[in-house]
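The values are calculated or read from the model by the stated rules, or taken from the named source; none is laboratory data. Everything numeric in this text was worked out from a predicted model, so none of it was measured. Reconstructed Cβ throughout: ideal geometry from the backbone, glycine too, with neighbour counts over all protein chains shown.
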Amino acid sequence: MYKSKEIRWFKNNLDKSILDWFSKSGQTFENTSPRTDFYLPLEKDDITVKLREGNIEIKHRIGDVIKGNLTTNAEGIFENYVKWSFTADKADELSQQITETNHYNWTEIKKTRIGVKLIRDSDGNLKTLPIKTIVDWGCQVEYTYLIIDGKAYYTFALEWFGDKQLELDSKLPYDILDATRFDISASMGYGGFLLQL
């Protein structure tokens, strides 16, 4: 079981400020390998069931959503989640039917993600690590290009994970977003986003 808190927005267009922040560390959508996730269609916004490369992930929102600001121009909702992840048998016929033939009409989302994990080093300084680095606690910053039914979307998120809450330097969100405007109506988890499609 994995606990996290996140704030996320979805947009139809690319944001240059966010892309520029990631490109300073050499990250672009062009040099990142895409993946495909399959989501079980649900009539709920507080839970998602996802299948990817033989892994099944269930993510459930717990508690109340909390409105807040990341910057003066970025208002959104903070959500707390519990996540379970496990591996399906490679020979599992049901998962193969979902991913290879779309037999059960799960929502296919092609994702190209760039991101980093932020931690504090032993001196208390904020340190940036590759997104695939395994650490006990910190904050993941990600920007993802999505293709759903041939349409393009983008999602930007910060996800705090682990038993401790990483405090970010107040300047960091402004460094990433600059003057980017994110409205609270575009802030939601994947469950809420999929319901709007």
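For the range 1-41, the set of residues classified as of a type in the set (A, V, I, L, M, F, W, C) and modelled with pLDDT of 95 or more consists of Ile7, Trp9, Phe10, Leu14, Ile18, Leu19, Trp21, Phe22, Phe29, Phe38, Leu40, listed by residue number.
Within the span defined as the range 23-41, every residue fails to be in contact (Cβ under 8 Å) with a residue 60 or more places away in the chain, more than 18 Å from the chain's Cα centre (by Cα), within 21 Å of Ile148 (Cβ to Cβ) and surrounded by fewer than 11 Cβ atoms within 10 Å (Cβ to Cβ). Residue pairs whose Cβ atoms lie under 7 Å apart, sitting 6 or more positions apart in sequence or on different chains, and linking a residue in the range 150-163 that is modelled with pLDDT under 95 to a partner that is part of a strand (DSSP E or B), are Gly162/Gly138. Only one of the listed residues (Ser170, Ser185) is polar (S, T, N, Q), farther than 27 Å from Leu42 by Cβ and out of contact with any Gly (no Cβ under 8 Å at 6 or more places or on another chain). That residue is Ser170. Looking only at the range 136-148, residues that are surrounded by fewer than 18 Cβ atoms within 10 Å (Cβ to Cβ) and touching a residue at least 40 places away in the same chain (Cβ under 8 Å) come to 1 in all. Here the condition is being over 22 Å from Leu158 (Cβ atoms), touching a residue at least 12 places away in the same chain (Cβ under 8 Å), surrounded by 15 or more Cβ atoms within 10 Å (Cβ to Cβ) and in contact with a helix residue (DSSP H, G or I) (Cβ under 9 Å, 6 or more places away or on another chain); of Ile18, Ile77, Ile98, Ile56, it holds for Ile56 alone.
Considering the range 67-123, and only residues there that are of a type outside the set (S, T, N, Q) and in a helix (DSSP H, G or I), the residue that is farthest from the chain's Cα centre (by Cα) turns out to be Glu93. Taking residues in the range 110-129 that are modelled with pLDDT of 95 or more, and partners anywhere that are among the aromatic types (Phe, Trp, Tyr), the pairs with Cβ atoms closer than 7 Å and at least 6 places apart or on different chains are Thr112/Phe29; Thr112/Tyr145; Ile114/Phe22; Ile114/Phe29; Ile114/Tyr143; Gly115/Tyr143.
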